[in-house]
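This report concerns only the one structure given below.
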Amino acid sequence: MIKKPSWILSGILMLILLSASCTNLRDIAGGTPGPKYTNMVILTPSQGAVVTRPVTVEGIAGSDIKSVVVIGGYNPKIVSLLPDGSWSTVFEVYEVDSGIHLLRFIGKGAGGENLNEMKLLLNIEVGSSGTNLPVVTIDEPPVNDKIYITNKISIYGTAGDAAGLEGVYFSLNSSPYGKAGGINPGDLTGDWTTNLTLTNGSYTAYVKVKNLLGVESLVTQVNFYVFTNYITTDPYFYYYSSAYGKTGQALKNALHDIIDQHTVFPYTAFTTDVWDALWILDEDPGNHNNVLTIYTFQSIPKTMQNPGGLSGDQRWLYWEREHLWPNTYGFNDKTDWPPYTDIFALRAAIGGVNNDRSNDPFDNGGTPKAGTPYYINLTNGIVPPSLKEVNVNISWEPPDDVKGDIARAMFYMAVRYAGNLPTEPDLELRDSIILTNGMPYMGKLSVLIQWHFLDPPSPEEMLRNNLIYTLFQGNRNPFIDHPEWVTNIW
């Protein structure tokens, strides 16, 4: 026996199916109306098939049937027939989740009368290969609780759907939805906007999008305020707008959202890395070829950075990158993790001093370092008498002139890193100097708060903050810009 190709068999089967179903066979029946002219056949998908949203159904119908109504989707659809009796429709279903769905197909006559009905049972999967609900975003305001100081504002965002967009609908404070501008029907993606003139007060904007199949997205919302009489001298008012008026955990969460997702530079690389950043940020204002190191205020050539592998006495001749928040407390040697390379908590330091401090928590008290072995040889600056250490690995007291700088760096780290990503531990400040390696805790909180108020932000610290924001990470230290927020959180 000669085996016929599968496509030939499929064609023969389709001809038999169409003939048996007597669909649109006006030429054979002689044009006399009768039951055969009300037949319907669903060609695809087959009964019980597994399909992915949106569902495409194709069929053919007898000549007495002028339209097909599809019931069981997001809303009933009326489908017109082509001259040869064929029809096709694409539709969605109510449910967001996968599952079994029963669809009804009703053949209508010229007068709208029901001539035939078929049922189709499908297993519809949402699946990554299919189309889920349409999506819409609100890009302005970018965060909840933003404050506007003008009464004329624009709310805008983007929308998209694989089936084509019908329009974006906007509501303010639960008013009836109206159509936003900017979307052309049929576009797969688009930008929408609505312009508002508002009085002072609080507002909630609600946005949803509908596609050409009549399917609506979930509702997206955002809260904001309009205060035209709000007076501020804060140059970064808009940067922090979502934080104003909050305290405690709510303020901490708002600040985290603002400073999160900064630009991360590699620790060591042939491209711009942390070394390059510290060359600029910790430059000695009295000698542009040097960096000014923390703790001992030594001026040392930028090129004298530890090349790696140095130990003992050699480390006192070079400068290194000091982690103010020791990496042993939360991120160990994860040099590609954001907290490891965050330059708000990295400072140039003499290598031997960096080694001396080790992972000591910060606290008051101890033995002064000035005049002790190695420190007595640091002659490119004056070692402050207030630099102290309690024994070894107990606690470290930095010089008075940088106590506030260090405290604010610790506050920043505790807000920036909240454990929301695998590479970002949940760093927390504790009122203790008894810490455990590997645990994401640092202290001593009460002392850091004291230092914060004793040594308020200086112009030099603000300059460093501005440079990190504009040249490197694109985020700021809130506690330099708003010192009052420290006691609003801790």
Practice problem: Starting from residues that are of a type in the set (A, V, I, L, M) and in contact with a strand residue (DSSP E or B) (Cβ under 7 Å, 6 or more places away or on another chain), keep the ones in the range 441-490 and report whichever is nearest to Gln249 (Cα to Cα). | Solution: Leu445
Practice problem: For the range 384-392, indicate whether the set of residues that are of a type in the set (Gly, Ala, Ser) and closer than 25 Å to Glu283 by Cα is non-empty. | Solution: yes
Exercise. Considering only residues that are hydrophobic (A, V, I, L, M, F, W, C) and surrounded by 15 or more Cβ atoms within 10 Å (Cβ to Cβ), look in the range 178-192 and name the one that is nearest to Thr137 (Cα to Cα).
Key: Trp192
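Conditions tested, residue by residue: (1) modelled with pLDDT of 90 or more; (2) among the hydrophobic types (A, V, I, L, M, F, W, C); (3) loosely packed, with under 13 Cβ neighbours inside 10 Å; (4) over 30 Å from Ala49 (Cα atoms).
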{"site": "Val126", "(1), (2), (3), (4)": "no, yes, no, no"}
{"site": "Tyr148", "(1), (2), (3), (4)": "no, no, no, yes"}
{"site": "Pro176", "(1), (2), (3), (4)": "yes, no, yes, yes"}
{"site": "Thr194", "(1), (2), (3), (4)": "yes, no, no, yes"}
Quiz item: Counting only residues that are touching an Asp or Glu at 6+ places or on another chain (Cβ under 7 Å) and over 17 Å from Leu471 (Cβ atoms), which one in the range 261-295 is surrounded by the fewest Cβ atoms within 10 Å (Cβ to Cβ)?
Solution: Tyr267
Self-check item: Scan of the range 128-154 for residues that are part of a strand (DSSP E or B) and touching a residue at least 40 places away in the same chain (Cβ under 8 Å), ordered by number
Solution: Val135, Val136, Lys146, Ile147, Tyr148, Lys152, Ile153, Ser154
Quiz item: If you scan the range 344-362, which residues turn out to be under 13 Å from Met442 (Cα atoms) and more than 34 Å from the chain's Cα centre (by Cα)?
Solution: Asp360
Quiz item: Do the conditions hold for Val219, that is, is it in contact with a Lys or Arg (Cβ under 6 Å, 6 or more places away or on another chain) and closer than 15 Å to Pro134 by Cβ?
Solution: yes
Quiz prompt | Candidate set: the range 412-422, residues that are over 17 Å from Thr328 (Cβ atoms) and touching a helix residue (DSSP H, G or I) at 6+ places or on another chain (Cβ under 6 Å); chosen: the one surrounded by the fewest Cβ atoms within 10 Å (Cβ to Cβ) | solution = Ala418
Self-check item: Within the range 393-476, strands (runs of 3 or more DSSP E) holding 1 or more residues that are under 28 Å from the mean Cα position of the chain (by Cα) and touching a residue at least 40 places away in the same chain (Cβ under 8 Å)
Solution: 418-421, 424-426
Quiz prompt | Matching residues in the range 334-365 - criterion: being among the small types (Gly, Ala, Ser), closer than 21 Å to Thr436 by Cα and surrounded by 15 or more Cβ atoms within 10 Å (Cβ to Cβ) | solution = Ala345
Exercise. Please go through the range 366-386 and pick out each residue that is assigned to a helix (DSSP H, G or I) and surrounded by 16 or more Cβ atoms within 10 Å (Cβ to Cβ).
Key: Tyr375
Self-check item: Subset of the range 306-316 (residues that are closer than 7 Å to Gly351 by Cα and more than 42 Å from the chain's Cα centre (by Cα))
Solution: Trp316
Self-check item: Condition check for Gly157: in contact with a Leu (Cβ under 7 Å, 6 or more places away or on another chain), assigned to a strand (DSSP E or B) and not assigned by TED's automatic domain parsing to the domain that holds Val90
Solution: no
Exercise. Report whether or not Asn355 is closer than 22 Å to Arg408 by Cβ, of a type outside the set (Phe, Trp, Tyr) and in the same structural domain as Gln450 (by TED's automatic domain parsing).
Key: no
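Residues of the range 237-254 being touching a His at 6+ places or on another chain (Cβ under 9 Å) and of a type outside the set (Gly, Ala, Ser), which ones? Before the answer, list the steps.
From the range 237-254, those touching a His at 6+ places or on another chain (Cβ under 9 Å) are 240, 243; that's our starting set.
Tyr240, the sole residue that qualifies.
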Quiz prompt | Hits in the range 477-490 (condition: acidic (Asp, Glu) and assigned to a helix (DSSP H, G or I)) | solution = Asp481
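The values are calculated or read from the model by the stated rules, or taken from the named source; none is laboratory data. Everything numeric in this text was worked out from a predicted model, so none of it was measured. Virtual Cβ from ideal backbone geometry, glycine too; neighbours counted across all protein chains shown.
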